[in-house]
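The values are calculated or read from the model by the stated rules, or taken from the named source; none is laboratory data. Note that the structure is a prediction, hence the values are computed from the model and not measured. Here the Cβ positions follow ideal geometry from the backbone for every residue, glycine too, while neighbour counts run over all protein chains shown. Surface accessibility is based on the protein's heavy atoms, side chains included, excluding ligands, DNA and RNA. Shrake-Rupley method; radii C 1.70, N 1.55, O 1.52, S 1.80 Å.
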Amino acid sequence: MMRHIYYTFPIQLIILHIRSNQLLLLLWVLLVLFITGSLGRKLGIFYLFLDPEYLGRVNFWSFFFLGFTMGGFTMTWNLTTYLLTAHYFPFLASLSRPFTKFCINNAIIPLAFLVFYVASVIHFQQYYEALSSGVIVWNCVAIITGFLLLIGLIFSYLYFTNKDIFSFSYRQEPPPDQTKHIAPGRRGVDLDEIKLDEKRWKVRTYLTESLSARTVRSVAHYDSGLLMNIFRQNHLNALIIQIVSMLILMGLGQMIDIAWLRIPAAASLLILGSVIVAIVGALIYWFDQWWVTIFIVLLFGVDFLTGFEMLYFRNKAYGLNYSVAPAAYSYEGLQAQCVEEQIIADQEATIALLDNWRARATRHKQAKPKLVLLCVSGGGLRAATWSMKVVQTADSLLQGRLLDQTVLITGASGGMIGMAYLRELLLQQRLGANVNLYDRQHLHAISKDMLNSVAFTIVSNDLFLPWGRFRLQEQTYRKDRAYIFEKQLNENTAGMLDKPLSAYQQPEAQALIPMMYITPAIVNDARRLVISPQPVSFMMRPPVGARLPHAVEVDAVDFRQLFQAHGADKLRFLTALRMNATYPYILPNVHLPSSPEIEVMDAGFRDNYGILSATRFVQVFRAWIREHTSGVVLVQISSSERIEKIYPSDRQGVLASLINPIGLAGQFLVLQEYEQDTSIGFIFDLLGKDHFEVIRFMYSPSKANKMAASISFHLTKGERENVINAIDLPHNQAALEQLIQVLNN
């Protein structure tokens, strides 16, 4: 009995895949790891599959797209494995509708995955989302409907185009177009060998369309050329489907501005998986055992060709003028930008701003108010939502005094996006607009999905090189995932942040709103790029550099001063926020018009908590602070817990021991915390114990939900509520009480 099962076609296909198609099988394994959360849990990838959003909602259509693209991934798997393995089973050529029968017998892996996925969705929605049985069933129906629809469409095409041996048998000879070899192919056999099925994979029975078992018949009596033409014709149709699918995907990439085309991020991941399967399959099919060598050659070829401007589309900072001569970027040039005269002028401009701030802060009947520095961490939408919730709550309890007494906001990534939105709401309110700064709807707006748009644009546009263009402030730029990120953020925030950098110069100078230093990291030399509408040359190096110019290095760059000739004031503020949140691969690094060309990425790689900027600011203006304030309150809002779990390093194997030292590089955020604690101690020494307070708000999941919200540009409804409710945790309530007490004294 077991021997009979072993020689069935489905089992033999499984064994063949394990032996020869490990790379293609790995994609199924990766999907399982994503869905279970074993891989990418902190990024919340499993939520993308189990709780997908489409147009801001989790509903029938969001799951339908998941099912539809899952069907596409399954059929790409079937088409590719048919191209690569059908020649091992020559009996297929003697059957009616051979590809259909191949898919049925090759269905164990796709069906097992579909059952696993549906079961995972049911479990998640029942135990974590507490949805009703009717809603869960409806979502599962959507998955299966989308899955079957895509498979049905492809089978319909193949039904009318694929010919079987019975069609060819009525002709005395095959038509001319069927006699040609369409590729060298990974067939491994010639016309005379194709009949020798007993020397290939032995199959005794196969499943028909009715799922009944049929005995495999010998093909020795068929003409070899006829059998080979059956396979070539089926292969040709498979290749046509894959090419047409690619062309459709590229076409969709030109329509990324259309909101209803921004499918769930998990659906984009499945499309990406389909593209990878098709490309790997095509390389193996066309080049057989040479495919790895060809793949490596292609990688080097692509790398070489994209070195030319025509084929490598470097992302640009929207608003800057790239047509003028590049700015000279050198150490000597940076030193010239922070000479003593320039620093003194910039300090005086900022002191005038501080005087305006003091006039506003003293409205609360304090001759010497506390000066507040807000330092917010990165961490995607989790950080954006958490930062906004903390400041909304604290400012409402203090009746507006927190933001009145805040001079500077610094930080990285998502936290700065949340604070930029809240700051703009504050500006609108102070300019007379009817804005409730503490309305919960603002939390919903800033936590709206942005990942779906980015993921779909990567798959449909950026993978094939972005060709679309758009105009902004008389400049032309390419449409890519950076463009769609800004577009989605702009839509989520009702267009409030779509301004040039210069729009905030006067509101900051008049102390209507706090200053904001946006500090992306420069990839070329690890310096920080300080983006502010105010002059900030004093942030470029420690103050001691004026007296000992060769003792300390310039470690930051004044963006406005360096790119003044390129219209730095016209930089789109949304772009500045995006530059500050450019997580590798998710968003492209931004290339700036300098010589040599510099590129910038996420601020979190240098200063994820904004402490470096806050420390430098206090160091520069400590004399004014000591004279005109009663001290500094540094409010640190972190989207993660500070105390990390200690992992043991004992009982490691040789491989783990080799990799372990490299793992220290992955602890860069922990290393930042250690260094920034040193910086906080430095501020304490500068100001004295009665003139400096540190108050920390830290997000952590509640006891009822031990799993932290993901660090990405997508939050589920449950995650958003988990983040918002973290303000009620005991350590955050204690921080609120401490903040109220400090600012009231």
What the Cα atoms of the range 477-536 span along the principal axes, largest first and in whole Å, is 36, 36, 18
In Å, the C-alpha Rg and Dmax of the range 1-158 are 17.4, 53
Once phi for every residue in the range 575-583 is put through the Karplus expression 6.51 cos²θ - 1.76 cosθ + 1.60 (θ = phi - 60°), the whole-Hz ³J(HN,Hα) values, with Gly and Pro written as x, are 5, 4, 5, 5, 4, 6, 10, 7, 6
With Rg from the Cα atoms and Rh as the Kirkwood inverse mean 1/r over Cα pairs, the range 5-77 has an Rg/Rh of 1.10
Put Val633, Val523 in order of accessible area, largest first, probe 1.4 Å, and you get Val523, Val633
Along the range 426-437, Karplus-curve 3J(HN,Hα) (6.51, -1.76, 1.60; θ = phi - 60°) to the nearest Hz, with x for Gly and Pro, reads 4, 4, 4, 5, 6, 8, x, 6, 7, 10, 8, 4
Taking every other residue with Cβ under 12 Å from the Cβ of Ser323 and scoring Lys and Arg +1, Asp and Glu -1, one gets 0
Reported to the nearest 10 Å², Arg481 has, with a 1.4 Å probe, an accessible area equal to 40 Å²
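Stokes-Einstein D for the range 62-133 at 20 °C, 1.002 mPa s, Kirkwood Rh over Cα pairs, in µm²/s?
Details: Rh = 14.3 Å.
My calculation gives 150 µm²/s for D.
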In Å, the C-alpha Rg and Dmax of the range 261-362 are 26.5, 77
Amide H proximity to Val557 below 5 Å, modelled H, separation 5+ or other chain, gives Arg528, Leu529, Val530
Projected convex hull area of the range 298-414, Cα atoms, direction-averaged, in nm², equals 12.9 nm²
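Explain nothing, just the number: dipole magnitude of the range 406-561 about its Cα centre with +1 on each Lys and Arg Cβ and -1 on each Asp and Glu Cβ, in debye rounded to the nearest 20.
Values: 16 positive and 14 negative charges, 20 e Å.
Using Cβ point charges on Lys, Arg, Asp and Glu, the range 406-561 gives about 100 debye.
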With DSSP loop assignment and no more than 15 other C-beta atoms within 10 Å, the chymotrypsin sites (Phe, Trp or Tyr not before Pro) in the range 46-136 are Tyr128
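Give me Rg/Rg_expected for the range 454-600, where Rg uses Cα atoms only and Rg_expected = 2.2 N^0.38 Å with N residues. Display every interim value, and only then the final one.
On the way: Rg = 16.8 Å, N = 147, 2.2 N^0.38 = 14.7 Å.
Scaled against compact globular proteins, the figure is 1.14.
Do any of Lys316/Lys487; Lys42/Lys479; Lys389/Lys689; Lys316/Lys479; Lys368/Lys389; Lys448/Lys499 go past 18 Å between their Cα atoms, and which?
Numbers: Lys316/Lys487 15 Å; Lys42/Lys479 29 Å; Lys389/Lys689 29 Å; Lys316/Lys479 10 Å; Lys368/Lys389 28 Å; Lys448/Lys499 20 Å.
The pairs that break the limit, which is 18 Å between Cα atoms, are Lys42/Lys479; Lys389/Lys689; Lys368/Lys389; Lys448/Lys499.
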Amide H proximity to Ser594 below 5 Å, modelled H, separation 5+ or other chain, gives Ala327
